[in-house]
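The next block holds one structure in the form of structure tokens; read it before the comments.
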Amino acid sequence: MRITRSQVRLEIAAIVALSLAIFCAPATRAQNPDQIMPEASAAKAKAILQQAIDALGGAAYLNVHNSDCTGRFAQFQHSGDIGGYIQMREYREMPDKSRVEYDPKALIIDVYAGEKGWSLDRGGVSDVPASDMADYQEQLKIQMGNVLRNRMNDSTLFFRYGGNEVVDLKEADWAEIGDREGHTLRIAIGRSDHLPVRSVLLQRDPKTGERIERGTYYTNYHLIDGISTPFREARFLNGRQTYQVYLESCTYNVDLPADFFTRASLEERFSKERGKAKNKK
């Protein structure tokens with residue numbers, strides 16, 4: 001069969017038209033989170049968070065009783081410069097107790113236990129200022145670990161899918177959690193490994209009413225006792241870096257004294273250290 005010049009032109013025209021249609025077709029985009037119905041959005045956010053729980057260790061992560069981690073800690077000055085690294089050891093007991101020992105030689109320890117807190121330094125033991133305690137309790141209500149372990153089925157929380165974007169060079173999905181007190185926690189979950197990449201807590205300053213944004217970046221995960229643990233954390237306050245820690249070791253579900261998170265334990269430690277100092281003289 002002989003192909004005419006007009007047929008060739010028609011075929012070329014068809015190929016060109018098809019190519020233009022493919023080239024000009026809009027790229028496939030992730031669904032706009034604002035276009036998802038509330039119930040579907042909440043379900044998607046919870047599904048993403050459940051993937052994060054599984055990636056963090058599943059039952060092992062959920063059943064953690066306490067932790068004992070050591071590493072190097074640095075605070076940042078208002079200028080953005082690092083104030084220097086010191087050794088630290090941080091103990092946590094779920095859901096609301098922590099004890100951080102800074103540089104054993106300096107004898108500086110901060111203890112928070114629910115609604116109470118104390119600090120130990122060379123001058124002795126003192127109560128944590130009321131404003132610091134209020135800040136600690138405020139953040140704890142909707143802190144990432146507390147939400148994932150204890151509040152996934154809390155009817156007072158609101159869940160929402162926040163969309164997909166590249167976060168810290170990783171493609172991630174955002175899950176948003178809000179409460180009736182006006183706090184919003186946004187967690188970016190990596191699409192490939194389902195581990196948290198970043199969390200952002202949004203709240204209002206009770207005195208000024210201004211918005212406060214606290215960000216935490218999680219990197220360098222290690223599998224410890226079946227739990228994926230970020231060995232590097234960086235924290236930001238309103239975009240300014242304030243804290244950085246590099247962990248060197250971490251263990252879970254360890255034996256700790258019954259009074260470890262109490263004022264009495266700090267007073268006993270202070271008494272022993274003071275006794276050592278007197279003996280040296």
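Could you name the aspartates and glutamates whose alpha carbon sits less than 18 Å from that of Lys105, not counting residues in the same chain fewer than 8 places away? Filter leaves Glu90, Asp121, Glu267, Glu268, Glu273.
Local charge for Asn238 was computed over the other residues whose Cβ lies under 11 Å away, with Lys and Arg +1 and Asp and Glu -1, and equals 0.
Gain on full extension, evaluated as 0.36 nm per residue between Gln139 and Ile82 minus their Cα-Cα distance, stands at 18.1 nm. Computed over neighbours whose Cβ is under 13 Å from that of Leu247, the net charge equals 0, Lys and Arg +1, Asp and Glu -1. Sorted on the mean count of surrounding Cβ atoms within 10 Å across their residues, most packed first, peptides 233-242, 138-147 read 138-147, 233-242.
Zone of Asp255 (label point 7 Å along Cα→Cβ, backbone N under 11 Å): which residues in the range 86-101? Output list for this probe position: empty.
Over 25 Å between Cα atoms, which of Lys97/Lys170; Lys116/Lys272; Lys46/Lys170 qualify? Please report the intermediate quantities before stating the final value.
On the way: Lys97/Lys170 32 Å; Lys116/Lys272 23 Å; Lys46/Lys170 20 Å.
Cα-Cα > 25 Å for Lys97/Lys170; rest within.
For Arg198, Arg92, the ranking by accessible surface with the largest value first comes to Arg92, Arg198, using a 1.4 Å probe. Taking 7 Å steps out from each Cα toward its Cβ at Lys46 and Leu107 produces label points 5.2 nm apart.
Straight Cα distances below 16 angstrom link Lys141 to the aspartates and glutamates Glu93, Asp96, Glu115, Asp132, Asp154, Glu176, Asp179, Glu181, Asp205, Glu213, with same-chain residues fewer than 8 positions distant left out. Taking label positions 7 Å along the Cα-Cβ direction at both Arg274 and Glu213, the computed distance is 4.7 nm, reported to one decimal.
Report the extension gain between Glu267 and Asp168 in nm, rounded to one decimal, defined as 0.36 nm multiplied by the number of residues separating them, less their alpha carbon distance. Don't jump to the answer; show the numbers that get you there.
Working: separation 99, 0.36 × 99 = 35.64 nm, distance 4.33 nm.
Using 0.36 nm per residue and subtracting the Cα-Cα distance, I get 31.3 nm.
Spacing of the modelled spin labels on Arg191 and Asp121, each 7 Å from Cα toward Cβ, amounts to 4.8 nm.
The values are calculated or read from the model by the stated rules, or taken from the named source; none is laboratory data. Remember, it's a predicted structure, so these values are computed and weren't measured experimentally. Cβ: placed from backbone, ideal geometry, glycine included. Neighbour counts: every protein chain shown. Heavy atoms of the whole protein, side chains included, go into the accessibility calculation; ligands, DNA and RNA do not. Shrake-Rupley method; radii C 1.70, N 1.55, O 1.52, S 1.80 Å.
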